[in-house]
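Presented below is the structure to which this report refers.
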Amino acid sequence: MPRDGVAVDPDIASAVARVAYGDPVNVTELCRSLGISRKTFYKYLARYRAEGVEGFFPRSRRPRTSPSRGQRRSRRRDHRCPQNP
C-alpha cells in the first residue's frame, strides 16, 4: 500500500480509471493480476469517482480530532503573596 507521499502504482490507477469509465472487466481477475485486494481496488475506485486523480495520492494519517485531549482552559492564577490587612 502506498505510504509517505507515494502515489498509487500507475497500473492500478489505469485499471481503476478504466472501470470508472465503464470498461467491462472482471475485477477479481484484475486484482489478482495487479496483486491487490478487491477491497483496496474499490477503495481507490470510490476515491477516484469522488476526487478524480487526487484520490490516488495518500491521505494524512493524523486524526482529525483527538478525543483524549481535552479543551484548553485559560485559567488565570494569582501567584502573589497574600497581603496582610
(request) Order by neighbour count: Arg38, Arg69, Arg47, fewest other Cβ atoms within 10 Å first, most last. (result) Arg69, Arg38, Arg47
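By count of other Cβ within 10 Å, fewest leading, how are Tyr44, Tyr21 ordered? Don't jump to the answer; show the numbers that get you there.
On the way: Tyr44 21, Tyr21 7.
The order, fewest Cβ neighbours first, is Tyr21, Tyr44.
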(request) Count charges around Ala50 for me, please; just the other residues with Cβ under 14 Å from its Cβ, Lys/Arg as +1, Asp/Glu as -1. (result) +2
(request) Decide, for region 10-56, between rounded, prolate and oblate: order the square roots of the alpha carbon gyration tensor eigenvalues as a ≥ b ≥ c, take rounded if a/c falls under 1.5, and otherwise choose prolate if a/b is larger than b/c, else oblate. (result) prolate
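Since every read-out is calculated from the coordinates, none of them should be taken as a lab result. Just so you know, these numbers come straight off a predicted model, no measurement behind them. Quick reminder, even Gly has a Cβ in these numbers, built from the backbone with ideal geometry, and neighbours come from all protein chains shown.
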